[in-house]
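J.: Take this structure, written in structure tokens, and hold onto it; I'll ask about it next.
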Amino acid sequence: ILMLAWLAYRWNLGGDIRIRDEAHARELADDTICGFEAIDVALDRGRIGALLRSPNGQVMLIRRHGAKFAGRLLDGHIHTRLDRTQLTLATSEKHFGQITLDLGEAAQHWAASLRRLGG
């Protein structure tokens, strides 16, 4: 068991991964959907998730999923709840789960724009 723990530490498995910056968020979005170009990026203060908007109005949610990141395009079937600077998002996909992002002052702007998705 100690050998396995040492190997996991040595290979940096199961570490506390975070989104480094906006460029990293854009890279993650492009990895999710090849060619996704973000013109607007909002990072969670804890760097566990991000919202990105493309020039044609598509919005992608990037979130930590285990030791990696996963992303989904958001549609009109998203549930949003705003609480001051925190925006809680739940997609229609049950397995993707719900996430609360602390977006600071940008939370209100993003909440309003997400209400218009699919409309």
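The values are calculated or read from the model by the stated rules, or taken from the named source; none is laboratory data. All values reported here derive from a predicted model rather than from experimental measurement. As a convention, Cβ positions derive from the backbone with ideal geometry for all residues, glycine included, and neighbour counts pool all protein chains shown. To get the accessible areas, we keep the full protein, side chains included, count just its heavy atoms, and leave off ligands, DNA and RNA. Shrake-Rupley method; radii C 1.70, N 1.55, O 1.52, S 1.80 Å.
J.: Below 8 Å between Cα atoms, with a sequence gap of 6+, how large is the relative contact order for segment 1-78 in percent?
T.: Relative CO of segment 1-78 lands at 24 percent.
J.: Over the Cα atoms of segment 1-59, compute the convex hull volume and normalise it per residue, giving Å³.
T.: 98
J.: Right, here's the next one. Between residue 18 and residue 117, what is 0.36 nm times their sequence separation minus the Cα-Cα distance? Round to one decimal in nm.
T.: Length difference between fully extended and current span is 32.9 nm.
J.: Tell me the mean residue ellipticity at 222 nm calculated for the chain from its helices only (DSSP H runs of n ≥ 4, each -39500 (n - 2.57), averaged over every residue, nearest 500).
T.: Using -39500 (n - 2.57) per qualifying helix, the result is -7500 deg cm²/dmol.
J.: Against the empirical 2.2 N^0.38 Å scaling, what ratio does the C-alpha Rg of the chain come to?
T.: 1.15
J.: Can you give me the accessible area per residue for the chain, using a 1.4 Å probe, in Å²?
T.: About 64 Å² of surface per residue is accessible.
J.: Still on this structure, please answer the following. Report, to the nearest whole %, how much of the accessible area of the chain belongs to carbon and sulfur atoms, 1.4 Å probe, protein only.
T.: Carbon and sulfur: 50 percent of the exposed surface of the chain.
J.: Further question on the same structure: Only loop residues by DSSP count here, and only those with at most 10 other Cβ atoms within 10 Å; note down the trypsin sites (Lys or Arg not before Pro) in segment 16-98 that meet that.
T.: Counting only loop positions with at most 10 other Cβ atoms within 10 Å, the trypsin sites (Lys or Arg not before Pro) in segment 16-98 are 84.
J.: Turning to a different aspect of this structure: Once each part is reduced to its C-alpha centroid, what is the distance from segment 1-36 to segment 42-119 in angstrom?
T.: For segment 1-36 versus segment 42-119, the Cα centre distance is 20 Å.
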